[in-house]
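What follows is one structure encoded as structure tokens, with my remarks underneath.
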Amino acid sequence: MGVKFFGQYLIESGEVDAEQVRAALALMDAENRSIGELAVEGRLISKADADKVNAEQRHRDMPFGELAVELGLLDEAQLDNLVQLQWRTRLRIGQALVRLGHLSNSRLEDLLVHYEEEQAPHRIENLALPAGLEENAIAPFVLDLFPNLLMRVARIATRVGVGEPISEAPNFPVQVAVSVSGQSGLVICLVGDEDFSRQLAAMASGLEPEVLDMEMLFDGVGEFLNVLAGNAMANVERNGVATELEPPRTEIDFESGYLFELAVNVGNAALFLKPI
């Protein structure tokens, strides 16, 4: 896989092992706070108000802080202070590994330089759309929105890789697609293994992961795609491009289109886009 997280890079380069990375991630989970958590801890908003903003984020592509300001729960000065506090106190995976004694500071600095050089071609701003998607008005918005929405809806960190013409149907148990028809049609298909799909469906539905059957997994992934497509459509419709969203489906034609590899921190998944 070309696109990867720093932790994956460290494991593949032999600097640390998977267990050490898991320990670092656990330390990060224990210490890092979201803007909403910091706002609640600072008694700027209530837990109920934070839950309200989190629920609204499932339908709108806005960061927690901006949405809280729009809803009148925070003001701009409070948000600025929260962002600065989060930045000052946030523990990164490299720092966590150093604290746990698995890397030295000097080695971490060298590895970060090498990692950034290797991953530069995979940064969103450096990714060129495949030729078959260059004229599609919706595809750039889908790719830009996807990582942020997946994090906000399901707390799944994602990096999107280069899109390649599909050579064979992806082999994942959960495959769901929506189609956007109109002036700039596009099939948007998310495929994933059970771990990825269960996390996404559970967070989207608010149900416990263990109670979800396969039909619920498909429904949860489909609901996420509705949100993703809806936000992308809203962007192109501002430019006068008329679109219409069709319901999610599980029967997908993979004969043509482009598969984008995904680095995700839960399970495995890929994104398939096909102009229509």
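Counting only helices (runs of 4 or more DSSP H) wholly contained in region 67-128, the ones carrying 2 or more residues that are buried (at least 17 other Cβ atoms within 10 Å of the Cβ) and at pLDDT below 90 occupy 105-119. Could you please let me know if Leu149 is within 18 Å of the chain's Cα centre (by Cα), open to solvent by less than 10 Å² (accessible area, probe 1.4 Å) and among the aliphatic types (A, V, I, L, M)? Spelling it out, Leu149 is indeed within 18 Å of the chain's Cα centre (by Cα), open to solvent by less than 10 Å² (accessible area, probe 1.4 Å) and among the aliphatic types (A, V, I, L, M). Within region 3-21, if we keep just the residues that are out of contact with any helix residue (DSSP H, G or I) (no Cβ under 6 Å at 6 or more places or on another chain) and within 14 Å of Leu262 (Cα to Cα), the residue that is least open to solvent (accessible area, probe 1.4 Å) turns out to be Lys4.
Within region 41-51, is there a residue that is within 13 Å of Ile93 (Cα to Cα), open to solvent by less than 70 Å² (accessible area, probe 1.4 Å) and part of a loop (DSSP other than H, G, I, E, B)? No, region 41-51 has no match at all. Pairs meeting the criteria (first residue in region 1-27 and under 17 Å from Leu111 (Cα atoms), second residue surrounded by 12 or more Cβ atoms within 10 Å (Cβ to Cβ) and among the aromatic types (Phe, Trp, Tyr), beta carbons under 8 Å, at least 6 apart or on different chains) are Phe6/Tyr115; Tyr9/Tyr115. Taking every residue in region 251-264 that is over 14 Å from Phe172 (Cβ atoms) and pairing it with any residue that is crowded, with 18+ Cβ neighbours inside 10 Å and small (Gly, Ala, Ser), at least 6 positions away or on another chain, the pairs with Cβ-Cβ distances below 6 Å are Tyr258/Gly163. With respect to the stated conditions, Val187 fails to be under 15 Å from Phe141 (Cα atoms) and either surrounded by fewer than 18 Cβ atoms within 10 Å (Cβ to Cβ) or touching a His at 6+ places or on another chain (Cβ under 6 Å) (or both).
The values are calculated or read from the model by the stated rules, or taken from the named source; none is laboratory data. These figures come from a predicted structure and were not determined experimentally. All Cβ positions, even for glycine, are placed from backbone atoms using ideal geometry, and neighbour counts span all protein chains on display. When the accessible area is computed, the model is the full protein with side chains, heavy atoms only, and any ligands, DNA or RNA have been set aside. Shrake-Rupley method; radii C 1.70, N 1.55, O 1.52, S 1.80 Å.
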